[in-house]
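> I'd like to ask some things about the structure below.
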Amino acid sequence: MTSRIEGQFFGQPLVTRGLVWRKWNGDAHGGSRPRADEKERGSDPRKNGVYARGMRRPLALALFLLALIAGACSSDTGDTADPVEEVADPVEHDGDESESDADAEPAVVPARFDVRVSAGQVTIMGATPGVDALLTNGADTYTGVVDELGNLLFRLVEPGPGYAVTTIDVPDEVSDEFTVPTLNDHPGIDFYAGQTLEEGLNYIEMRDGTLLSAMVRFPELAGDGPFPTVVEYSGYDPSSPIEEEPTIGIYRALGYATVGVNMRGSGCSGGAFDYFEPLQAIDGYDMIEVIAGQDWVQHNHVGMVGISYSGISQLYVAATQPPSLAAITPVSVIDDSYRSTIYPGGIYNNGFAKSWGDARQDSNDAYGEEWVAQRAEFGDEVCDANQLLRSQNRDLGGEATNQAFYDPAVADFLSPRTFVDQITVPTFVAGAWQDEQTGARFATMIDNFTGTDVLKVHLYNGAHADSLGPESLQRASEFMDVYVAETTPKISTFVRAAAPILYEQSFGVTGVIVPDDRFESYEEARSTIESEAMVTMFLEMGSTDFAPGAPQSRSQVTFESWPPPAAEMMTWSMGPGGELDERPAPETSVESFVVDVDRSQQLTKTGDGDDDPNEFDNLAWAPLDPGGALIYDTTALSDDYLLAGSGAVTLWISADESDADLQVTISEIRPDGQEMYVQSGWLRASHRQLVGPGDDPDMVHTHSEADATPLPTGELTEVLIDILPAGHVFRAGSRIRLTISSPGGDRNLWAFDVLPNDGTNVYVSLGSETDSTLALPLLPAPDDITDELPVCGAQRSQPCRPVVAWTNTEVE
């Protein structure tokens, strides 16, 4: 069976761009589409399509469904009517009592719409626009309204038999019964072996019949194959035949065949789009098995590559354990969608998180990307037909604002930390402490990767794109060479010669050096990689003499586990006069800062482009307004210390209002009069409830709606704010600074939808009875650390600003 489909799409003629499309943002939308019964129908061309055609169902189940519907529509007074009598004769007879019952329109007819059944999901197409629809098996019931294109998608459906769909119309239409499969109901090997992919744009069939667009590219000047092969999978443009994603281009240059696959509901792929829904994970399982079975794939197994979106997707796919997946290299990823990026500390990130969702909403609209529109315009009928269900794309912005609290039923699946223990293949992870997009919380799930025997992690200061820097990229390519290509890792002379030019174009820096090849044989490479320490922390990226500002490190330190057992939590108490002391002050005192709502939208980015990596070299870190923060400093450090892990700030607070948004920031006050940014943390005070003893402690707060509690009026309340993990060397002679303020101003691209409490006060109590503290995991710095301070303006994503004198506001 070939994967190239012509003429028909799921038993319906392929639609054309003659349809009028508008921007879809919800479950019921405007537009127009012919009724299913008004179109010519054909047979289903997909031999494994799971399609329930609209044929007559058993009468008993039809009556049962009608009873459910009538019960749902009964009056508040409790009056009910026999559902059969109420709907048995909806046609008015105009007083003609002699008309026979045989002439009356039936109450229920076989469905004229189509039903597509997926794991945990049911889609109807070709139904009457605007009517209500009911999906039930008697035990579980789901309802919705058919959109104006005749589509409706039921998500998160409980698997099981005996389901049917009824549309409430005149007459009602009822589908055949069908079974909703589980995520683990994998097709047989023949389903995968029957699909053939060729160089160029292809369509891979999923187990529910959905077709995903896949762009196959062979390495240049590499002969006829077979080739070591890697896959990139996301909702961006990996299958675009016009432009390569960066990681795809890199691995082609390294001698790999690449396959870029668009998730369902994106690009030229079929289906409707959602944010990391379960179907995307098992789609990944299916695509891996199809790709690995091609005769041009070396060893009949593949690896996965990609940064950010296509890095996170690797975690989802690998957790389904496709038999033909050999290794993954997820870089610049998240551990938890809610806590990492969308609601840091329970505060909506209306900067990057909102803009990312808006961009995905627009680009995954029907024909939302230019290359998709071009494919459809110039005759790709499958791409054209695959736009049909975009009317059922999830409203990402609406979903984000509606999920203001952490609901495990929804959010756990959006949190890789809850399932990375199911990953069994060799895994290489890399990420930056100051990542301006996905943040640094990914490091808190490192110890959750318990299912794989080979886990290697790179950690460093820097920006989102720095995971493609020369040090991490070289190790990732070694990983692919060993576990996918099964060859001695080697970077070609051509790639080495081109790398400095490409890095200058990408990062705006010169002098980049690609590390030397390390191995003479495959056996040596595999043995060495598997015996090396699990975690490598790269220090002071950007401050090298040979390539200032480049994503390359001054030095490295390794750890066998994370967090490092040798790191000890050092605690300081906040005291009057802005001091951080080893002991709390004996007397209680109170200090305050004024809430500044405008600060919530203040960024450290420079320039206008969100995606220009050059802007991260010299971030603009604005000073604080007087009265808008509380600042506390340690005394000068006597030794060099390495920060390695997550910190915490405990505050005893009260506020003028019943809630407060808080930001805490760690920085280094250096002997040269500069303050260098290190890391931050956030909390909405009403979200202060900590997780229980049996929960993952790195989740810190429950963020549950049931646990949300206002601040009591006139009383002090203890709140704990976790500081994102970080790695930083504090030099002897420097001081560690803690700043407490309103959120904003310290991050690049992150802004915050804060409470409207501008000009009100937040109070912090100090002293032995209400001991507000800072705790950081520190260990002695490595011996090879240079005495030279990191270079302000060159250190990656750690901006500097001049140290200013500061006096906290005391409350009498």
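> If you keep only loop residues by DSSP, which GluC sites (Glu not before Pro) in the stretch 623-723 have at most 13 other Cβ atoms within 10 Å of their Cβ?
Qualifying residues, ordered by number: GLU715.
> Put LEU630, LEU716 in order of accessible area, largest first, 1.4 Å probe: what do you get?
On the way: LEU630 0, LEU716 75 Å².
Putting LEU630, LEU716 in descending order of accessible area: LEU716, LEU630.
> Taking a virtual spin label 7 Å from the Cα of THR588 along the C-beta vector, which residues in the stretch 698-729 bring their backbone nitrogen under 20 Å of it?
The answer is 711-720, whose backbone nitrogens lie closer than 20 Å to the label point.
> Could you order peptides 362-371, 115-124 by the average number of other Cβ atoms within 10 Å of their residues, highest first?
Result, highest mean Cβ count within 10 Å first: 115-124, 362-371.
> Something else now. If you find the alpha carbon centre of the stretch 297-338 and of the stretch 267-292, how far apart are they in angstrom?
When both Cα centres are located, 12 Å separates them.
> With a Förster radius of 41 Å, plug the Cβ-Cβ distance of ASP758 and SER555 into 1/(1 + (r/R0)^6) and report the FRET value to the nearest 0.05.
The computed FRET efficiency comes out at 0.40.
> Ok, one more. Would you calculate the separation in nanometres between label points at ALA805 and VAL495, each defined as 7 Å from the Cα along the Cα-to-beta-carbon direction?
Once both label points are built, they end up 5.7 nm from each other.
> What nm distance separates the two modelled labels at ASP707 and VAL691, each placed 7 Å from Cα along Cα→Cβ?
0.9
> Per residue of the chain, what 222 nm ellipticity follows from adding -39500 (n - 2.57) for every DSSP H run with n ≥ 4, rounded to the nearest 500?
The helix contribution divided over the chain gives -4500 deg cm²/dmol.
> How high is the relative contact order of the chain? Use alpha-carbon pairs under 8 Å, at least six apart in sequence, and give a whole percent.
With pairs under 8 Å counted, the relative contact order is 11 percent.
> What is the magnitude of the charge dipole of the chain about its Cα centre, with +1 placed on the Cβ of each Lys and Arg, -1 on the Cβ of each Asp and Glu, and no other charges, expressed in debye to the nearest 20?
1920
> Could you work out the relative contact order of the stretch 134-254? I mean the mean sequence separation of Cα pairs under 8 Å and 6+ apart, divided by the number of residues, in percent. It would help to have the intermediate numbers written out before the result.
Values: 127 pairs, mean separation 17.2, N = 121.
That works out to 14 percent.
> Placing +1 on the Cβ of each Lys and Arg and -1 on the Cβ of each Asp and Glu in the chain, which of GLY270, ILE513, ILE446 has its Cα farthest towards the positive end of the resulting dipole?
Among GLY270, ILE513, ILE446, the one farthest towards the positive end of the dipole of the chain is ILE513.
> Shape of the chain from its Cα gyration tensor (a ≥ b ≥ c, root eigenvalues): rounded if a/c is under 1.5, otherwise prolate when a/b > b/c, or oblate?
oblate
> Could you order ARG801, ARG583, ARG394 so the one with the most accessible surface comes first? Probe is 1.4 Å.
Working: ARG801 20, ARG583 175, ARG394 60 Å².
Final ranking, largest accessible area leading: ARG583, ARG394, ARG801.
> Still on this model: Find the relative contact order for the stretch 415-561 and round it to a whole percent, using C-alpha pairs within less than 8 Å whose residues are 6+ positions apart.
Dividing the mean separation by the residue count of the stretch 415-561 yields 22 percent.
> Full-extension gain between ALA732 and GLU377, please, as 0.36 nm times their residue separation minus the C-alpha to C-alpha distance.
Gain in length upon complete extension: 121.3 nm.
> Please give the length that would be gained between GLU523 and ALA193 if that part of the chain were fully extended, namely 0.36 nm times their separation in residues minus their C-alpha to C-alpha distance (nm, one decimal).
Working: separation 330, 0.36 × 330 = 118.80 nm, distance 3.17 nm.
Roughly 115.6 nm would be gained on extension.
> For the stretch 515-547, state which chymotrypsin sites (Phe, Trp or Tyr not before Pro) are in a DSSP loop and have at most 13 other beta carbons lying within 10 Å of their beta carbon.
PHE546
> If you don't mind, there's one more thing I want to ask. Tell me the accessible surface of HIS186 in square angstrom (1.4 angstrom probe, heavy atoms of protein chains only), to the nearest ten.
Per-residue accessible area (HIS186): approximately 70 Å².
> Under the rule of at least 5 residues apart or a separate chain, name every residue whose amide H is placed under 5 Å from the amide H of THR604.
ARG747, ASN748, LEU749
> Among 406-419, 452-465, what's the highest-first ranking by average C-beta atoms within 10 angstrom per residue?
The packing order, highest mean first, is 452-465, 406-419.
> Once the mean 1/r over all distinct Cα pairs of the stretch 657-704 is inverted, what Kirkwood radius in angstroms do you read off?
13.2
> Then there's this: State, to one decimal in nm, how far the label point of ASP581 lies from the label point of THR401, with both points 7 Å from Cα in the Cβ direction.
Calculated label separation equals 4.8 nm.
> Do any GluC sites (Glu not before Pro) in the stretch 138-213 lie in a loop, going by DSSP, with at most 13 other beta-carbon atoms within 10 Å of their beta carbon, and if so which?
Sites meeting the loop and neighbour criteria: GLU198, GLU199.
> Which FRET efficiency value, to the nearest 0.05, is calculated for ALA636 and GLN422 with the Förster distance at 51 angstrom and r the Cβ-Cβ distance?
Rounded to the nearest 0.05, the efficiency is 0.60.
> Still on this structure, please answer the following. Take ALA222, project a point 7 Å from its Cα along the Cβ direction, then tell me which residues of the stretch 238-258 have their backbone nitrogen under 13 Å from it.
248-258
> Going by Cα centres, the stretch 469-495 and the stretch 739-812 are how many Å apart?
If you average the Cα positions of each part, the centres end up 39 Å apart.
> Packing-wise, with mean Cβ within 10 Å as the measure, how do 771-777, 806-812, 211-217 rank, highest first? Don't skip to the end; give the middle numbers.
Details: 771-777: 21.9, 806-812: 13.0, 211-217: 25.0.
With the highest mean Cβ count within 10 Å placed first, the list reads 211-217, 771-777, 806-812.
> Between rounded, prolate and oblate, where does the stretch 519-585 land on the alpha carbon gyration tensor, with a ≥ b ≥ c its root eigenvalues, rounded for a/c under 1.5, else prolate if a/b exceeds b/c?
Oblate is the answer for the stretch 519-585, as a/c is 1.5 or above yet b/c matches or exceeds a/b.
> Taking Cα centroids, how far is the stretch 115-153 from the stretch 177-251 in Å?
Comparing the Cα centres of the stretch 115-153 and the stretch 177-251, I get a distance of 29 Å.
> Determine the shape class of the stretch 381-492: with a ≥ b ≥ c the square roots of the Cα gyration tensor eigenvalues, call it rounded for a/c under 1.5, and otherwise prolate if a/b is greater than b/c, oblate otherwise.
It is prolate, given that a/c is not under 1.5 and a/b is the larger ratio.
The values are calculated or read from the model by the stated rules, or taken from the named source; none is laboratory data. Everything numeric in this text was worked out from a predicted model, so none of it was measured. FYI the Cβ positions are ideal-geometry reconstructions off the backbone, even for glycines, and counts take in every protein chain you see. Ligands, DNA and RNA are stripped out before the accessible areas are found, and what is left, the full protein with its side chains, is counted by its heavy atoms. Shrake-Rupley method; radii C 1.70, N 1.55, O 1.52, S 1.80 Å.
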